[in-house]
Amino acid sequence: MDRAQLSHPIVKAAITALHAGDRKAWLALFVPDAVLTDDGSRRSYVEWSDTELFGKGNGRIIDILSEQDNGLTVNTLFHSNVWGEFKTFWTFQIQGDKIARLDVGQLAG
């Protein structure tokens, strides 16, 4: 699935910013007190983004496998320079036109 086919506009903007390596655009999509969990552990969305996506992890979505929940959950093939390649889920909760919560984690199998 191409990211242009994503059905939710905020999710599409987030995945597009991530794909472009645009930290400023990515962070601008979040409410200031956004919640982020990574495999169930709560993390600062700014620190997590700086480490896992834009820092040493240099995380990237290689392929979008599917979307669910009216486009608010995206299942992907993800690559991290630290953790390697694996399948992930990204579940977004939107408040207005911003991301209020993002839950990410490894998919089983």
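Brief remarks on what is shown
- Residue among ALA14, SER41, THR91 farthest towards the positive dipole end of the chain, charges placed on Cβ: ALA14
- Proximal charge balance of SER44 [Cβ under 14 Å; K/R count +1, D/E count -1]: -2
- Point-to-point label distance, HIS19-GLN5, nm (Cα→Cβ direction, 7 Å offset): 1.2
- A dipole drawn for the chain from +1 and -1 charges on Cβ atoms has a positive end, and of MET1, VAL74, ILE61 the residue lying farthest that way is ILE61.
- A compact globular protein would have a Cα radius of gyration near 2.2 N^0.38 Å; the ratio found for the stretch 3-106 is 0.95.
- Lysine pairs with alpha-carbon atoms under 24 Å apart, the stretch 1-101, spacing 8 or more or separate chains: 6
Bear in mind these aren't lab numbers, they're just calculated from the coordinates by the rules spelled out. Note that the structure is a prediction, hence the values are computed from the model and not measured. No Cβ is skipped: glycine too gets one built from the backbone with ideal geometry, and neighbour counts run over all protein chains shown.
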